[in-house]
1. Ranking request for peptides 4-17, 175-188: highest mean number of other beta-carbon atoms within 10 Å first, then the rest in descending order.
2. Per-residue ellipticity at 222 nm for the chain, helices alone: DSSP H runs ≥ 4 residues times -39500 (n - 2.57), over residue total, nearest 500 deg cm²/dmol?
3. Starting from the Cα-Cα distance between Ile77 and Lys169, subtract it from 0.36 nm times their residue separation and give me the gain in nm to one decimal.
4. Arranged from highest to lowest average of other beta-carbon atoms within 10 Å per residue, in what order do the peptides 154-160, 43-49 appear?
5. If all Cα-Cα distances of the stretch 164-205 are sorted into 10 Å bins from 0 onward, what percent lands in each bin, rounded to whole numbers?
6. Restricting to Cα pairs below 8 Å that are 6+ residues apart, what does the relative contact order work out to for the chain? Please round to a whole percent.
7. Residues with amide H under 5 Å of Leu143's amide H, sequence separation 5 or more or different chain, H placed in the peptide plane at 1.01 Å from N; which?
8. When the Kirkwood hydrodynamic radius is evaluated over all pairs of different C-alpha atoms of the stretch 127-183, what value in angstrom, to one decimal, is obtained?
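No lab work stands behind these numbers, since they all come straight from the coordinates. Quick caveat, the model's predicted, so the values are computed rather than measured. Virtual Cβ from ideal backbone geometry, glycine too; neighbours counted across all protein chains shown.
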Amino acid sequence: MADRIFRIAIDGPSGAGKSTIAKAVARRLGIDYIDTGAMYRAIGLKMLSRGLAMEDSQALLDMLAETEIDFAGGRVILDGQAVDSLIRTPEVSKAASDCSALAPVRSKLVELQRKMGKTKSVIMDGRDIGTNVLTDAEYKYFLTASPEERALRRYKEMQEKGQESDYDKVLAQIIERDHNDSTRALNPLRKAEDAEEIDSTHMTIDQVVDYICSQVTL
Ligand code: DC
């Protein structure tokens, strides 16, 4: 482990492989991985389970005031309960994308994320890490892949898990989420000026992990 603290920011669209790559880099470098998408998913899950409408701003503020999100042993903990297995459904994906456009949700989560990146070395992935959360991160990457390649990866993953899937539907959902995430008013998905773009369309996961690790000087 290094003596100095350093932060690695990875942004990019859904399905580019950010979390798989960030997890592997974290393991190899012995640093913490923070999955900021999981935090938006946890809020989306809580809104869905409470039947909270996106427009009900007072109820949203009340709910956020009594919400705790943390990571323990690589799992996301919502109000004391590990929710990993509940936040990967298409319904929660949509709720996460919708609630991530709301100012009170973003300010709460961004504050938490900044705190997490202050005291220890971390790799954090999301949409606005390089542009907003950790603007002074020592290493910044913007990870992309073509929508067709990302849809194919997701489709294969679902097939391997024995889940029913339809390539055209998966592709349409990816295009819709890209649009949502990059056109919202608040901290839209965008490459930071000082981030390096990595197009993983024709790269394996290991190649991307090797590349990032080779750049980090401990
Ligand atoms: O990376 P993901 O698919 O788990 O993210 C879920 C949603 O959260 C995604 O639609 C965009 C949003 N998000 C965000 O707005 N900012 C982040 N830093 C991370 C995710």
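1. Details: 4-17: 22.3, 175-188: 14.6.
In decreasing order of mean packing, 4-17, 175-188 become 4-17, 175-188.
2. Details: 8 runs with 102 residues, N = 218.
Calculated mean residue ellipticity at 222 nm is -15000 deg cm²/dmol.
3. On the way: separation 92, 0.36 × 92 = 33.12 nm, distance 3.06 nm.
Value of the extension gain: 30.1 nm.
4. Working: 154-160: 14.0, 43-49: 20.7.
Descending mean neighbour count gives 43-49, 154-160.
5. Percent of Cα pairs in each bin: 22, 34, 37, 7, 0.
6. Working: 319 pairs, mean separation 76.0, N = 218.
Relative contact order here is 35 percent.
7. Counting only residues 5 or more places away or on other chains, the set is Asp11, Gly12, Ile198.
8. Values: mean 1/r = 0.0761 Å⁻¹.
One over the average 1/r among Cα pairs gives 13.1 Å for the stretch 127-183.
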